[in-house]
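Every read-out reported here was derived from the displayed coordinates using simple, explicitly stated rules and does not represent laboratory data. In this text, all values refer to a predicted model and were calculated from it rather than measured experimentally. When we count neighbours, we look across all protein chains shown, and the Cβ atoms used for this are built from the backbone with ideal geometry, even at glycine.
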């Protein structure tokens, strides 16, 4: 799972809060944001490594605003989401987002020499979803296909899942959290995430 997360870190740097206003603009946005984020990391690596808060802010500002965490959280929890009340859902979504922010902020600094290609992906005319694909390669990794799935929400595109080499972010966390929910319940999972996030912030 750590290897998957490391690659996901890289692919998640490619989507920003900027609006995806048209299907044919998605690839350009992905490419431009990738270059902007990685350039920021490369130019300010020492400063970001020395100040975790700045790295967290970079991730929060450029990467995650375009992700629909309510939908992602709902799919990750599955039946547990259906049974949960609204306050529990809100707390889980908040803690899950914090978990991803700190995980990706830490791992993002490991990337430096990756090469990215953007193969064209046929889109369904008039569809509510869009697929954007990358092929990522580097000195220490094989070529890895990355697929972003986005849907239209109030005129903008929002990411609802990312697959790396055929492995879905949603399905990966669903399996991991599902085991914890089975053993501890949803509240136990939330407490575990909250404690991990609290310890990280100290």
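An oblate overall shape is assigned to segment 75-137, the ratio a/c of its alpha-carbon gyration tensor axes (a ≥ b ≥ c) being 1.5 or greater and a/b not exceeding b/c.
Counting other Cβ atoms within 10 Å as a rough exposure proxy, the listed residues 55, 180 run 180, 55 from fewest neighbours to most. Averaging Cα coordinates gives a centre for segment 169-202 and one for segment 49-92; these two points are 12 Å apart. Across segment 60-202, Cα pairs under 8 Å and at least six residues apart give a relative contact order of 24 percent.
With the cut-off at 1.5 for a/c, could you classify segment 71-202 from its C-alpha gyration tensor as rounded, prolate or oblate? In terms of gyration-tensor shape, oblate.
Here the peptides 125-135, 142-152 are ranked by packing, the mean other Cβ count within 10 Å, and the order with the highest first is 142-152, 125-135.
Can you sort 54, 158 from fewest to most other Cβ atoms within 10 Å of each residue's own Cβ?
Details: 54 14, 158 20.
Ascending number of Cβ neighbours within 10 Å: 54, 158.
Sort 120, 49 so that the residue with the fewest other Cβ atoms within 10 Å of its own Cβ comes first and the one with the most comes last. Working shown, then result.
Working: 120 7, 49 13.
Fewest-to-most ranking of 120, 49: 120, 49.
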